[in-house]
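The values are calculated or read from the model by the stated rules, or taken from the named source; none is laboratory data. Everything numeric in this text was worked out from a predicted model, so none of it was measured. Virtual Cβ from ideal backbone geometry, glycine too; neighbours counted across all protein chains shown. For the accessible areas, the whole protein counts, side chains as well, though only heavy atoms, and no ligand, DNA or RNA atoms are used. Shrake-Rupley method; radii C 1.70, N 1.55, O 1.52, S 1.80 Å.
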Amino acid sequence: PDQLDDGWGGLSSVDVDSGSVSKAPFPPFFRGAVDDILPEEELPFERFKPPPEEETADSIRTIQAWAVDVPDPRSIGLMLKWLRRSDLDASELGHLKRVRKQNDTSTFLLSVSTSPSLSSEPPSLPADIPLPAPYLLPVPASAALTLTSLDLKNALWPTVYAPRRKGEVEPWTRGRARWAWGAMRAAVREAQQRGRDAGELPVAAYVPAPYQSDADADADLASDADDKGADAFMAHDTRRSAAHPLRHAVMNVIRQIADARARSGDVAEQPIHTSTPGDEEENDSDSVPPLNANGTNYLLTARTLFTTHEPCIMCSMALLHSRVKEVVYLLPMRATGGCGGGTCVPALPGVNHRFGICRWTGDAVLEAEAGLQVDASVDA
Amino acid sequence: MAANTGEHEKFMAEAMAMAEEALAAGEVPVGCIFVRENTIIAKARNRTNELRNATRHAELEAIDEIMADPALTPPGSSGYPLADTTLYVTVEPCIMCASALRQMGIKQVLYGCSNDRFGGCGGVIGINDRLAHPSHPPYEAIGGYSREDAILILRRFYVTENSNAPTPKSKVNRVLKTEILPP
């Protein structure tokens, strides 16, 4: 897969070629032990790999942070003690070293200022330590992923080195691949049927019951779309029948899940997050309050969404708002998609949730050509 | 039929009233109105908590209201239902709403304060006019209308104890800051 890394996870070089696809009813991962980990090259999808970033001085993303010089080395211990007790939340600075030593001066990082132009007040300092006035300086916005990036970031401020390791991508078992195969087939079938029989755009989105590696779940794997558990949700595009341009399959499935949760009443037990811990600190600053809290009710936490077409930007952001774990799609929408096509929403700077993106390359491709094509200008 | 500054202020005040309603209901205070020929055709506010759906932002609520009314969307009038409609919203539309508005063919968006975490009209990414789309025309989005009010109401929301947060933080020592510097 590495040689396919063209910045888009190799997606741009992948073409659906029905002639080369095996017509075998079951792909190879249906043979072998359920709990075996599948080698990456045998997975029925390709993972989206975000392009390498921050490898040049221009591309280093920075944030403004308040810092203070501590000229007297004897004050350092006191200062560290004070920092620990202070309520300066350092969660946004976790990727940076707290202290920088240059010559005889130590500089302490105090807090983030997200919008420097709006900030009038620096954080208050301990009264019992003689210190000069704090000042703002640009520091890297995230940890360094590569050594090149680390050098560039260290020049701004000492930064944590956190390279992506191979093991960081979640391993998939044969059982899970079979579950995904069934889910993608179900979505494809739904889209085909709605397109053929109801005159809708042939786009469907499916959130199956989460994969469970027990024997019961195994029995469900190869079964049909009809075998949907109570916790599975299927929706299709209804923009034509509803005469509403925004009735996309993904939006419809999110609404379906929200309505089902509200009906069943189990939301009462779910925390309704109107804020996340990371936001809190920013609220203390003078900046415009952050809006990551704009109605977050984590409907899709830990869930995988399967869809026949790469979701549009609206739908991709709706999935981000809903905290989906990963999105698996069959047909890329290179001009309009929000998962690597027009843009890649979860890879944008600032957004407070990332989700995995997988482009299906498994056997469902067999069915993909039967009635799933939509115009390249459509927002799926 | 360009509205003058006084009319913008009047309409933003209406959007702000919807944000106040959201705040009173315990929602993140964002409100909006849609205006066609100097007449308000829809008003809405954020309902994400009430509907248990993180996508029910004010803009999408109002769009559904408009689309549900055949009088507001005469069939065949235009390919785009909002081609002659202006949105006034207290906060820059998020990436989701910015894309939705472009798909609806909105004429223009006027907003209060920008959103550097989720903003889809320049805050994070310019879905409205900087990103190419094969069919939907770009639209103009201008911020700064009643900006201070928009910021203040958000601050008022965030200084209150949020018992819904996973681990509520004590905010007893929190003070509402009222000073706002220019952008």
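Each residue of region A:54-62 was assigned a 3J(HN,Hα) from its phi angle through the Karplus expression (A = 6.51, B = -1.76, C = 1.60, θ = phi - 60°), giving 6, 9, 10, 4, 5, 8, 5, 7, 10 Hz with x at Gly and Pro.
Both radii are taken from the alpha-carbon atoms of region B:1-141; with Rh as the Kirkwood radius, Rg/Rh is 0.94. Here the peptides A:187-194, B:131-138, B:53-60 are ranked by packing, the mean other Cβ count within 10 Å, and the order with the highest first is B:53-60, A:187-194, B:131-138.
Counted by Cβ distance under 12 Å from B:Pro93, the other residues give a net charge of -1, where Lys and Arg count +1 and Asp and Glu count -1.
Amide H contacts for B:Asn115 (H built 1.01 Å from N in the peptide plane; partners 5 or more residues away or on another chain; cut-off under 5 Å): B:Glu92, B:Gly123. Accessible surface of chain B, 1.4 Å probe: 51 percent of it comes from carbon and sulfur atoms.
Net length available on complete extension from A:Arg334 to A:Ala162 is 58.8 nm, with 0.36 nm assigned per residue and the Cα-Cα distance removed. Take the accessible area of chain A alone and of chain B alone, subtract that of the pair, and you get about 5100 Å² summed over both chains, using a 1.4 Å probe.
On region A:130-193, 60 percent of the accessible area sits on carbon and sulfur atoms, based on a 1.4 Å probe.
Solvent-accessible surface of region B:31-108, averaged per residue with a 1.4 angstrom probe and all protein chains in place: 30 square angstrom.
Close amide-amide hydrogen proximity is noted between A:Leu125 and no other residue 5 or more places distant or on a separate chain, at a cut-off under 5 Å (H modeled in the peptide plane; Pro and chain starts excluded). From its DSSP helices (H runs of at least four residues, each -39,500 (n - 2.57)), chain B gives a residue-normalised ellipticity at 222 nm of -9000 deg cm²/dmol. Per residue of peptide A:345-352, the mean number of Cβ atoms on other chains within 10 Å of the residue Cβ is 4.
Hydrophobic, long helices, defined as DSSP H runs whose alpha-carbon span along the helix axis is 15 Å or greater and whose mean Kyte-Doolittle value is at least -1.0, occur in chain B at B:5-24, B:147-159.
Extension gain, A:Leu137 to A:Asp35: 0.36 nm times the residue separation minus the Cα-Cα distance gives 31.7 nm. Amide H to amide H, with H built 1.01 Å from N, A:Val328 comes under 5 Å of A:Leu305, A:Phe306, A:Thr307, A:Cys358, counting only residues 5 or more places away or on other chains.
Between region A:149-205 and region A:293-359, the C-alpha centres lie 9 angstrom from each other. Peptide A:313-326 has a mean shielding of 6, counted as Cβ atoms of other protein chains within 10 Å of each residue's Cβ.
Across the cross-link table entries A:Lys49/B:Lys107; A:Lys49/A:Lys153; A:Lys101/A:Lys153; A:Lys81/A:Lys153; A:Lys49/A:Lys97, which are compared at the Cα atoms, the separations over 25 Å belong to A:Lys49/B:Lys107; A:Lys81/A:Lys153; A:Lys49/A:Lys97.
Have a look at region B:26-56 and report residues whose accessible surface goes down by 30 Å² or more when the remaining protein chains are included, against the chain on its own, probe 1.4 Å, ligands and DNA/RNA excluded. Residues of region B:26-56 that lose at least 30 Å² of accessible area once the other chains are added: B:Val28, B:Asn49, B:Arg52, B:Asn53, B:Ala54, B:Thr55. Among the residues of B:104-116, the average count of other protein chain beta-carbon atoms within 10 Å of the residue beta-carbon is 2.
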